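Worksheet for the structure shown next.
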Amino acid sequence: MAGVRLEGVWKVFGKVVAVRDVSLVVEDGEFASILGPSGSGKTTLLYLIAGIYKPTQGRIYFGERDVTDLPPNQRNVGLVFQNYALYPHMTVFENIAFPLRLRRVPGDVVREKVLEAAKLLGIEGLLDRLPGQLSGGQQQRVALARALVKEPEVLLLDEPLSNLDALLRIRIRSELKRLQSELGITAIYVTHDQSEALAMADKVAVMSEGVLQQVGTPREVYEKPRNVFVASFIGSPPANLITVKLSRDRRCIELPGGETHCPPPNIASKLAQLPTDHVILGFRPENSVLSEEPLGDHIPVKAEVYTVELLGRENVVTLTVDGHHIKTVVPPMVNPSPGDEMYVNIEPSKALYFDPETEINLEYIEAAAPAEALRREAQPRREEAEGEP
Ligand SMILES: Nc1ncnc2c1ncn2[C@@H]1O[C@H](COP(=O)(O)OP(=O)(O)O)[C@@H](O)[C@H]1O
Ligand SMILES: [Mg+2]
């Protein structure tokens, strides 16, 4: 078994840059998830790791071994795809045995290993059937057993659960996570489903347009999204984003509804350095509370109720502010009516601030050198010199 390391990996197809300068470390035994929307380069990245594609540039290592120029069969990876790709005319037994037959493993050893893999996945009873006689969940287990039977160094999975119905998906995902940690196998799991990535992975690598946006634990990408893309991709519902004006001294924000909020000094000093007179304020629906009057110790945003969705355990309230929709999560007994004017009060410690030009979370921007900050303070901004009309 081995960890996987990518160094400056690119994959270009003609004019399409599918993977752009990706560097990523997956530790030995770690469960990593590559998460991104359709077309973001996830499958291409997985194929590069598998050896199906060769990078246009960059190196790939399994442990200390440089595998960049090795074909798939010399990398010993287990691959599982969305569509299972089972051989329809072979029994389940022969499907699982296939990678071992290719290696000319003796028959009695094949039998032993197939039984072991089948047992691990709870499909010992299905070995004589054909794939067509199995449910989707059973087929996916066969595909997993086939990937595991050759004891791969790295298990690569490309949206393996997306053809299953919702309940089965949730059940198999916890089984898969358990299996991976019991076997201690390095796994890289591609998905467009953020809840799957958060639920299963030790490490989440978020991709958009071929570029790695952030790599972190599920908690990090959820609580401290590096940029607007990550904030708006992760979470259900994802983070809300509204543009708010900076106050004249550029250390506070002016909220829809007229309230002002002054964030702590570490944020305020970065607001003061923004090249714009506004900032993107982000917050998760679950980090805000709804009230009729603004809550003083929160960040109160005035908004109009648009719809209420009853989810049983909670209600999701959608509100309109400056023509945009924001969402908040409230207890089931809170049930405002469309048209009500209310305040969405953001928990200040959970508020996110993004540079409107780079869309980067201000927490990830280094504070400017004191000299620079002083120079800025000494030079009054043009808006201030001219005053408001
Ligand atoms: N073999 C290929 N030839 C040309 N373009 C490709 C090829 N494979 C993928 N692409 C392009 O690369 C981008 C990333 O694709 P892919 O890795 O399949 O994304 P994802 O798996 O995240 O949906 C897309 O724009 C896709 O059209
Ligand atoms: Mg794909």
Could you look through the stretch 344-361, keep only residues that are among the hydrophobic types (A, V, I, L, M, F, W, C) and crowded, with 21+ Cβ neighbours inside 10 Å, and pick out the one that is farthest from residue 300 (Cα to Cα)?
354
Of the conditions (1) in contact with a Pro (Cβ under 7 Å, 6 or more places away or on another chain); (2) within 16 Å of ligand 2 (Cβ to nearest atom), the single one that residue 210 does not satisfy is (1)
For the stretch 298-343, list the strands (runs of 3 or more DSSP E) that sit wholly inside it and hold at least 1 residues that are surrounded by fewer than 16 Cβ atoms within 10 Å (Cβ to Cβ) and touching a Ser or Thr at 6+ places or on another chain (Cβ under 9 Å); which are they?
299-310, 324-330
How many of the residues in the stretch 120-140 are under 16 Å from residue 161 (Cβ atoms), assigned to a helix (DSSP H, G or I) and touching a residue at least 24 places away in the same chain (Cβ under 8 Å)?
4
Looking for whichever is within 16 Å of ligand 2 (Cβ to nearest atom) and at pLDDT below 95 here; the options are 85, 117. Which one fits?
85
Among residues of the stretch 14-46, those that are charged (D, E, K, R) and either within 12 Å of ligand 2 (Cβ to nearest atom) or more than 14 Å from residue 187 (Cβ to Cβ) (or both), counted:
4
Candidates 212, 274, filtered to the one that is surrounded by 17 or more Cβ atoms within 10 Å (Cβ to Cβ), in the same structural domain as residue 320 (by TED's automatic domain parsing) and of a type outside the set (Ser, Thr, Tyr)
274
Looking at residue 105 and the list (1) of a type outside the set (S, T, N, Q); (2) in a helix (DSSP H, G or I); (3) over 37 Å from the mean Cα position of the chain (by Cα), which single condition is not satisfied?
(2)
Test residue 25 against the stated conditions and say whether it is surrounded by fewer than 23 Cβ atoms within 10 Å (Cβ to Cβ), touching a Lys or Arg at 6+ places or on another chain (Cβ under 9 Å), at pLDDT 95 or above and over 23 Å from residue 66 (Cβ atoms).
no
If residue 151 passes every condition in (1) part of a helix (DSSP H, G or I); (2) under 28 Å from the mean Cα position of the chain (by Cα) but one, which one does it miss?
(1)
Residue pairs within 7 Å by beta carbon, gap of at least six or interchain, first lying in the stretch 33-51 and touching a residue at least 40 places away in the same chain (Cβ under 8 Å) and in a loop (DSSP other than H, G, I, E, B), second more than 6 Å from ligand 1 (Cβ to nearest atom) and among the aliphatic types (A, V, I, L, M), listed first then second, are 36/206; 36/207; 40/207; 41/19; 41/207
Check whether at least one residue in the stretch 79-99 is in the same structural domain as residue 159 (by TED's automatic domain parsing), within 16 Å of ligand 1 (Cβ to nearest atom) and part of a strand (DSSP E or B), and report yes or no.
yes
Among the residues in the stretch 53-70, are any over 23 Å from residue 173 (Cα atoms), within 16 Å of ligand 2 (Cβ to nearest atom) and in the same structural domain as residue 210 (by TED's automatic domain parsing)?
yes
Can you confirm whether residue 288 is free of Cβ contacts under 8 Å to residues at least 12 places away in the same chain, closer than 29 Å to residue 214 by Cα and among the polar types (S, T, N, Q)?
no
Condition check for residue 104: closer than 26 Å to residue 3 by Cα and more than 16 Å from ligand 2 (Cβ to nearest atom)
no
Count, please, the residues in the stretch 1-31 that happen to be part of a strand (DSSP E or B), within 16 Å of ligand 1 (Cβ to nearest atom) and not aromatic (Phe, Trp, Tyr).
12
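The values are calculated or read from the model by the stated rules, or taken from the named source; none is laboratory data. Just so it is clear, the structure is predicted and the values come from calculations on it, not from any experiment. No Cβ is skipped: glycine too gets one built from the backbone with ideal geometry, and neighbour counts run over all protein chains shown.
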